[in-house]
Amino acid sequence: MSEVSVSIVGAGNRGYDAYGNILSHREDTRVVAVAEPDEEKRVRFAKAYGIDREMCFTDWKELLAKDRLSDGIIIATPDRLHVDPLIEFAKKGYRILLEKPIAQSADDVLKILDCKETSGRVIVAHVLRYTPFYKTVKTFIDEGKIGKLIGLEQTEKIGFFHFAHSYVRGNWRNEKESGPTILTKSCHDADILHWLTGRACKKVISRGKLYYFNEQNKPQDASNRCLNCPVEKFCPYSAVKIYLQDNTDWPVSVISTDRSLKARKKAIKYGPYGRCVYSSDNDVVDHQTVFFVFDNDVIASFTMSAFTGKITRTLNIYGSHGEIIGDLESGNIELNIFGKEKKKYEVEKISGGHSGGDYGLIEEFVAWLRNDKNFVSTTLENSIHSHMMAFAAEHSRRLDGAAVSPGYFANLKKSDLNER
Ligand SMILES: NC(=O)c1ccc[n+]([C@@H]2O[C@H](COP(=O)([O-])OP(=O)(O)OC[C@H]3O[C@@H](n4cnc5c(N)ncnc54)[C@H](O)[C@@H]3O)[C@@H](O)[C@H]2O)c1
């Protein structure tokens with residue numbers, strides 16, 4: 001079996017835990033290089049996946065400066081560092097797996113469009129499309145099982161502790177540093193809804209705000225850090241509860257490379273993950289609803305919320321002759337064809353890795369690198385469309401729910417994308 005080689009840029013949670021891990025278990029792939037400024041993370045990666053010293057770099061530009069080192073490259077750097085590496089590695093001839101969001105603004109999307117070398121060279125990490133759950137739902141719709149598609153409802157249940165971890169204390173808490181939640185978290189949902197309907201989105205309407213995680217809601221006696229907070233034991237968002245329990249996988253793996261109790265205590269004593277959720281420097285929205293209207297007048301309503309017990313996505317899809325009801329986390333799908341008996345399906349359950357999405361994504365990336373497949377499902381062009389949907393949702397929210405067209409941002413015409 002011929003082997004393909006891959007380099008990884010950014011050896012953090014995604015680069016190390018997801019991609020490095022999955023690729024290192026494949027016989028047809030070799031991870032050959034890594035770029036990571038944090039020495040501890042770089043060394044951890046090199047040790048775990050057997051990378052030669054001279055193939056370890058402290059910055060993506062250092063790796064870029066070498067002649068092309070591998071067939072493919074994975075860009076898993078922080079959100080603000082996607083566009084420039086994408087353009088430069090594309091120019092160098094790499095085939096690229098790019099983390100979402102592809103860009104933080106519509107202007108940056110245009111920069112990507114201006115670089116012709118990105119065309120046909122990118123697979124975007126919209127992992128949901130690769131899950132058995134969404135693949136099954138898509139097949140039901142495309143086979144016409146529920147007749148004519150009328151409408152969709154999707155709810156992204158982020159989960160109270162996940163929201164506190166990532167969007168109050170963590171990397172995606174602040175718009176200036178990453179972007180609005182509807183982009184950083186829910187660009188996946190815009191992508192899925194665009195894919196399920198198979199149509200262009202023409203209008204977006206949205207409302208939502210940061211309802212809860214701010215000083216106004218801070219309990220009277222609470223202190224600024226959980227470790228010395230007198231009301232910690234009454235708080236579901238407590239860092240002690242999230243990081244000092246038995247689990248040492250995600251999200252604990254994010255706060256410290258050393259997962260011992262001592263190291264974790266230190267991380268929440270001094271680091272960002274020990275801050276009170278009511279006194280952080282977060283400003284991103286914690287609850288938002290969006291209506292996406294497609295060019296065949298199908299409407300998708302979408303809600304993302306911090307305030308859920310489970311981490312999952314649920315959906316209801318309405319058709320002229322039936323409905324689909326599903327829950328991503330449990331893998332349960334109910335197909336109710338009107339006048340017939342309900343059918344219940346339980347799709348293959350894959351724990352972790354975004355319900356199997358990470359594995360499916362890597363499977364397709366490697367098949368594409370091996371030339372076993374000459375196309376990818378999550379193209380840059382599709383992702384550009386769904387990112388415009390997310391930008392439009394944020395713009396509408398800021399305008400108190402005024403209708404906004406995704407094309408408004410870049411005057412993007414469908415033909416612009418088709419020409420590429
Ligand atoms: N597809 C998904 O479902 C999914 C899930 C989680 C995160 N993400 C995205 O993946 C990306 C990475 O997220 P993460 O959770 O791994 O974050 P992370 O902070 O754990 O990892 C990012 C890594 O990039 C490194 N880095 C910073 N500057 C660099 C540079 N100049 N050159 C090389 N590396 C550099 C950082 O030191 C860090 O280790 C983000 O854009 C995030 O939004 C996607």
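The values are calculated or read from the model by the stated rules, or taken from the named source; none is laboratory data. In this text the structure is predicted, and so the values were computed from the model without any measurement. Glycine also receives a Cβ, built like all others from the backbone with ideal geometry; neighbour counts cover every protein chain displayed. These area figures cover heavy atoms from the full protein model, side chains too; ligands, DNA and RNA do not enter into them. Shrake-Rupley method; radii C 1.70, N 1.55, O 1.52, S 1.80 Å.
Which shape class, rounded, prolate or oblate, goes with the chain when its Cα gyration tensor gives a ≥ b ≥ c as root eigenvalues, a/c under 1.5 marks rounded, and past that a/b bigger than b/c marks prolate?
Values: a/c = 1.45, a/b = 1.06, b/c = 1.37.
Since a/c stays below 1.5, the shape of the chain is classed as rounded.
What part of the accessible area of region 215-274, given as a whole %, is carbon or sulfur when the probe is 1.4 angstrom?
Within region 215-274, the accessible surface is 51 percent carbon and sulfur.
For the charge dipole of region 215-274, defined by +1 on Lys and Arg C-beta atoms and -1 on Asp and Glu C-beta atoms about the Cα centroid, which residue among 247, 224, 263 has the Cα displaced farthest towards the positive pole?
Result: 263, furthest along the dipole toward the positive end.
Ignoring ligands, DNA and RNA, what percent of the accessible area of region 4-124 is carbon or sulfur (1.4 Å)?
Working: 2160 of 5140 Å².
Within region 4-124, the accessible surface is 42 percent carbon and sulfur.
Run the numbers on region 215-274 and let me know its relative contact order in percent, using alpha-carbon pairs under 8 Å that are six or more apart.
In percent, rounded to a whole number, it is 29.
Where the only charges are on Cβ atoms (+1 Lys, Arg; -1 Asp, Glu), what is the dipole of the chain about its Cα centre, to the nearest 20 debye?
Values: 59 positive and 57 negative charges, 127 e Å.
Dipole size: approximately 600 debye.
How do the peptides 92-104, 59-71 rank, highest first, by the average count of neighbouring beta carbon atoms within 10 Å per residue?
On the way: 92-104: 22.2, 59-71: 15.8.
Result, highest mean first: 92-104, 59-71.
Which one, 301, 51, 140, is farthest towards the positive end of the dipole of the chain when Lys and Arg carry +1 and Asp and Glu -1 on their Cβ?
301
Can you give the accessible area per residue of region 215-274, in Å², using a 1.4 Å probe?
Per-residue accessible area for region 215-274 comes out at 61 Å².
Quick check on packing: order 215-223, 130-138, 292-300 by the mean number of other C-beta atoms within 10 Å, highest mean leading.
By packing density, highest mean first, the sequence is 130-138, 292-300, 215-223.
Can you pull out the trypsin sites (Lys or Arg not before Pro) in region 346-413 whose DSSP state is coil and whose Cβ has at most 12 other Cβ atoms within 10 Å?
When the trypsin sites (Lys or Arg not before Pro) of region 346-413 are filtered for loop state and at most 12 Cβ neighbours within 10 Å, 413 remain.
Do any GluC sites (Glu not before Pro) in region 146-178 lie in a loop, going by DSSP, with at most 12 other beta-carbon atoms within 10 Å of their beta carbon, and if so which? Could the numbers behind the result be given before it?
On the way: sites: 153, 156, 175, 177; in loops: 175, 177.
Sites meeting the loop and neighbour criteria: none at all.
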